[in-house]
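Structure first, commentary second.
The values are calculated or read from the model by the stated rules, or taken from the named source; none is laboratory data. Values in this document were obtained by computation on a predicted structure and should not be read as measured data. Every residue, glycine among them, receives a Cβ derived from its backbone with ideal geometry; neighbour counts consider all protein chains shown. Quick note on the areas: whole protein, heavy atoms, side chains included, nothing else; ligands and nucleic acids left out. Shrake-Rupley method; radii C 1.70, N 1.55, O 1.52, S 1.80 Å.
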Amino acid sequence: MLRLRPPIVKTNGLQMKSVVILQSNYIPWKGYFDLIHDADLFIFLDDVQYTKNDWRHRNKIKTSKGVEWLSVPAGERTDRLICEVELSDSSWQAKHWRTLVQNYSRSPYFEHYRPLFEPLYMQTAWDSLSQLNQKFVQLISGELGITTEFRDSRYYHAEGSKQEKLLNLLYKAGGTRYISGPAAKDYIDPEKFVSAGIDLVWKDYSGYPEYPQSFPPFEHGVTVLDLLFNVGPSAPDYIWGWRTAEKKLR
């Protein structure tokens, strides 16, 4: 059953708690981390249906031949939750690392990050897709200076599906502001959030500046590793820092 809290009374003394709820993705693009950076709490929504040929188990990189996929073999079954996807074949790990080396070894900051990522591919055994994705996301977030708290949705034992599950998670997590990617507009009813006393904020991914990227033409929709390997510690400037710089110029 969905529990509703009284409408939020916004006073100077109220501390809003911003929450993002999203499925774990494999080495996600920069917009994923832009969402995380906006939140006080990020909840990995991994106790929901697994979808194949999606961002859960793959992402894109830039190569001399164009954009290519790095895919983790997770099987064809869709009758399972994301957190139930086991990784029984580890041969992909060496292949992915070899592909990253081949395409980014000449990037300015590849060697800077090699000690961080190489052990994850070459020395770590991954039991599940959730374990893999969540570890990478949290590790990369730390490298970006993000201080957001992380939780797995299973921690809250929230019931319901889609919108009802989101609202129950927000209730149990004490969220007062929900930040969502624009794709969720297909199934989210803003009035339900108003009734629950939760501010609904739609994330805007437009305006990201280009950065020095190997193998033109420039492509925004690739893994954040592309950004890290090319600009290093300046990566946050190309995800959210540029907005602050724009405001100062106005």
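Per-residue answers, yes or no, for (1) closer than 30 Å to Tyr113 by Cα; (2) among the hydrophobic types (A, V, I, L, M, F, W, C):
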| site | (1), (2) |
| --- | --- |
| Tyr156 | no, no |
| Glu159 | no, no |
| Lys162 | no, no |
| Lys165 | no, no |
| Leu170 | no, yes |
| Gly174 | no, no |
| Pro212 | yes, no |
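State which residue pairs qualify: first residue farther than 12 Å from Leu120 by Cβ and inside the stretch 136-147, second residue outside any loop (DSSP other than H, G, I, E, B) and open to solvent by 50 Å² or more (accessible area, probe 1.4 Å) in any location, beta carbons under 6 Å apart, and separation of 6 or more residues or different chains.
Ile146/His37
Looking only at the stretch 11-63, count how many residues are surrounded by 22 or more Cβ atoms within 10 Å (Cβ to Cβ), of a type in the set (A, V, I, L, M) and part of a loop (DSSP other than H, G, I, E, B).
Summing the residues that are surrounded by 22 or more Cβ atoms within 10 Å (Cβ to Cβ), of a type in the set (A, V, I, L, M) and part of a loop (DSSP other than H, G, I, E, B) in the stretch 11-63 gives 2.
Inspect the stretch 108-117 for any residue being open to solvent by less than 40 Å² (accessible area, probe 1.4 Å), aromatic (Phe, Trp, Tyr), farther than 17 Å from Thr223 by Cα and at pLDDT 95 or above and give the result as yes or no.
No, because not a single residue in the stretch 108-117 is open to solvent by less than 40 Å² (accessible area, probe 1.4 Å), aromatic (Phe, Trp, Tyr), farther than 17 Å from Thr223 by Cα and at pLDDT 95 or above.
Look through the stretch 64-114, keep the residues that are of a type in the set (A, V, I, L, M) and not in a helix (DSSP H, G or I), and return whichever of them is nearest to Ile43 (Cα to Cα).
Only one residue tops the list, namely Leu81.
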